[in-house]
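The values are calculated or read from the model by the stated rules, or taken from the named source; none is laboratory data. From a predicted model like this one, the values you see are computed outputs, not experimental measurements. Every residue, glycine as well, gets a Cβ built from its backbone with ideal geometry; the counts of neighbours run over all protein chains shown.
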Amino acid sequence: MAKKGKTLGAWAFLVGVLVALILGILTGLSTEMGIPDWTVWILVLAGILIGVLNVSEVESKNFLLAALALVIVASQAGEMLKTSLSQVKYLGPMLSNTLIYLLVLFVPTTIIVALKSVFNIAKN
């Protein structure tokens, strides 16, 4: 089961990152484009699957450190990119929106892995 879980988690990671990139690019190209809510739920569910299936107890410390850096940088850089690159017609919104969608993917993953780590610490 562990190998199947890792494979499913790897696919969830790949699909999640691709969906985040595609949504970021599409919404950056057109401000009038409406993104269906279910696409955001795909990212949230992929993030949960990644956290549950793809990050082991041994990997959790490194993952949490990397995820913390990603979440902090993405959340701070998103608005900065949008404002500082606003003169470049599509680039600022595309980069900013891509970071936002990556946050939608990685925040649930980070929460799940952090909860698993706290649980492991508490039981030892």
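For segment 34-48, the set of residues classified as over 15 Å from Leu103 (Cα atoms) and either of a type in the set (A, V, I, L, M, F, W, C) or part of a helix (DSSP H, G or I) (or both) consists of Ile35, Asp37, Trp38, listed by residue number. Taking the conditions exactly as written (farther than 21 Å from Gly51 by Cα and either within 19 Å of the chain's Cα centre (by Cα) or modelled with pLDDT of 80 or more (or both)), does Ala67 satisfy them or not? No: the conditions fail for Ala67.
Yes or no, residue by residue, for (1) under 22 Å from Leu14 (Cα atoms); (2) among the small types (Gly, Ala, Ser); (3) at pLDDT 90 or above:
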| position | (1), (2), (3) |
| --- | --- |
| Gly28 | yes, yes, no |
| Leu85 | no, no, no |
| Leu103 | yes, no, yes |
| Asn124 | no, no, no |
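Which count do you get for residues in segment 83-123 that are free of Cβ contacts under 8 Å to residues at least 24 places away in the same chain and not in a helix (DSSP H, G or I)? Final tally of qualifying residues: 5.
Checking the structure you have, find out if any residue of segment 35-48 is of a type outside the set (S, T, N, Q), farther than 18 Å from Leu21 by Cβ, under 11 Å from the mean Cα position of the chain (by Cα) and surrounded by 14 or more Cβ atoms within 10 Å (Cβ to Cβ). Within segment 35-48 (the criterion being of a type outside the set (S, T, N, Q), farther than 18 Å from Leu21 by Cβ, under 11 Å from the mean Cα position of the chain (by Cα) and surrounded by 14 or more Cβ atoms within 10 Å (Cβ to Cβ)), the answer is yes, since at least one residue qualifies.
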